[in-house]
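The values are calculated or read from the model by the stated rules, or taken from the named source; none is laboratory data. Computed from a predicted structure; not experimentally measured. Glycine also receives a Cβ, built like all others from the backbone with ideal geometry; neighbour counts cover every protein chain displayed.
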Ligand SMILES: Nc1ncnc2c1ncn2[C@@H]1O[C@H](COP(=O)(O)OP(=O)(O)O)[C@@H](O)[C@H]1O
Ligand SMILES: [Mg+2]
């Protein structure tokens, strides 16, 4: 693939544990494994774009150095691969039982999206893990560790990856922007960090998309690409509803829908995010959050957006009227 079209998330994927940002407690342990040239089976859990796959690959590189060879010293499989669980099962087994080549203590198999495996498939995996522990260590990756059967969890050291802080995501985006010579204004960077919401992959992908549109990355470009409304607009909308200004709030809503053409659910999710920054009593936030959840559910069931969003505003206005 030409370097020009290579996704920046791949191009700037950290190559060693030292280059990973955030997750410092986890990194400390992983570096310990490198120092000892030994590790147990690992389970990485947490939200997307926080460095799970990267940490696995960096660990392998730091451990194996130039002996890091796909299909020989390590293998990366995706449990929800279209080829089906039987193929996965046999590839896992074939890879895990082979004797590691000279110079490495064991092979490593990364199994991504392990939480998509059925409990039966996980049982089979557990047996393979046990049987071939000598030759092969597993790094299982998932979003939710509670979807992994307990006997596997108890055989692994479990690491929970947190969403990255805005500072860390901002640093990483700033770094990539500099390397790629894209002009990124302060407000552009803030907007990228906002839409990334702790997901570094998302942040870098949007940076790349925005970078293709023009020289300068503005906040407007970022919000447009992502179909998101400027947070300040959402804040205004909520403020109007909370202040009991139903007509004005509805006008604002129509304006937002017309200018941004955004989906009801993404609007509700943004409102939810802005809500917590408001200086209103906690109980009110809880009440509003409940209304948002209800409308989100109805939208997910296919209810008419315009009606639901107007009902949402009316409910917030009514709630305020009742409590004052
Ligand atoms: N903690 C991090 N430090 C540096 N870059 C990161 C980090 N997390 C994610 N990234 C960036 O996002 C991309 C996707 O990260 P990845 O490790 O695949 O996330 P996931 O947690 O979904 O496995 C990486 O290629 C890298 O560019
Ligand atoms: Mg991953």
| query | In this structure, does residue 292 turn out to be assigned by TED's automatic domain parsing to the domain that holds residue 174 and touching a helix residue (DSSP H, G or I) at 6+ places or on another chain (Cβ under 6 Å)? | reply | no
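Among the residues of region 110-134, what is the count of those that are in a helix (DSSP H, G or I) and in contact with a strand residue (DSSP E or B) (Cβ under 7 Å, 6 or more places away or on another chain)? Before the answer, list the steps.
Quick first cut of region 110-134, residues in a helix (DSSP H, G or I) only: 114-116, 119-131.
So of that shortlist, the ones also in contact with a strand residue (DSSP E or B) (Cβ under 7 Å, 6 or more places away or on another chain) come out as 114-115, 129.
Total satisfying the criteria: 3.
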| field | Qualifying positions in region 17-37 - touching a strand residue (DSSP E or B) at 6+ places or on another chain (Cβ under 9 Å) and either part of a helix (DSSP H, G or I) or over 24 Å from residue 171 (Cβ atoms) (or both) | value | 25, 26, 29, 30, 33
| request: Only residues that are in contact (Cβ under 8 Å) with a residue 40 or more places away in the chain and surrounded by fewer than 18 Cβ atoms within 10 Å (Cβ to Cβ): list them for region 246-272, please. | output: 246, 257, 263
| Test set (1) in a helix (DSSP H, G or I); (2) without any contact (Cβ under 8 Å) to a residue 40 or more places away in the chain; (3) over 26 Å from the mean Cα position of the chain (by Cα); (4) over 26 Å from residue 220 (Cα atoms) - residue 303 fails condition number | (1)
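Could you check region 234-245 and list, in sequence order, the residues that are under 29 Å from the mean Cα position of the chain (by Cα) and surrounded by fewer than 19 Cβ atoms within 10 Å (Cβ to Cβ)? First the steps, then the outcome.
To start, the set of residues in region 234-245 that are under 29 Å from the mean Cα position of the chain (by Cα) comprises 234-238.
Result: 235, 236.
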| Looking only at region 32-48, which residues are more than 16 Å from ligand 2 (Cβ to nearest atom) and in contact (Cβ under 8 Å) with a residue 60 or more places away in the chain? | 37, 38, 39, 40, 41
| query | Name the residues in region 38-80 that are within 14 Å of ligand 1 (Cβ to nearest atom) and in a helix (DSSP H, G or I), would you? | reply | 52, 53, 54, 55, 56, 57, 58, 59, 60, 61
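If I ask for residues that are within 18 Å of the chain's Cα centre (by Cα), more than 6 Å from ligand 1 (Cβ to nearest atom) and surrounded by 21 or more Cβ atoms within 10 Å (Cβ to Cβ), which ones from region 12-26 would you list?
If we filter region 12-26 for residues that are within 18 Å of the chain's Cα centre (by Cα), which is where we start, we get 12-14, 20-24, 26.
Checking which are more than 6 Å from ligand 1 (Cβ to nearest atom) leaves us with 24, 26.
If the condition is that a residue be within 18 Å of the chain's Cα centre (by Cα), more than 6 Å from ligand 1 (Cβ to nearest atom) and surrounded by 21 or more Cβ atoms within 10 Å (Cβ to Cβ), then 26 is the only one that fits.
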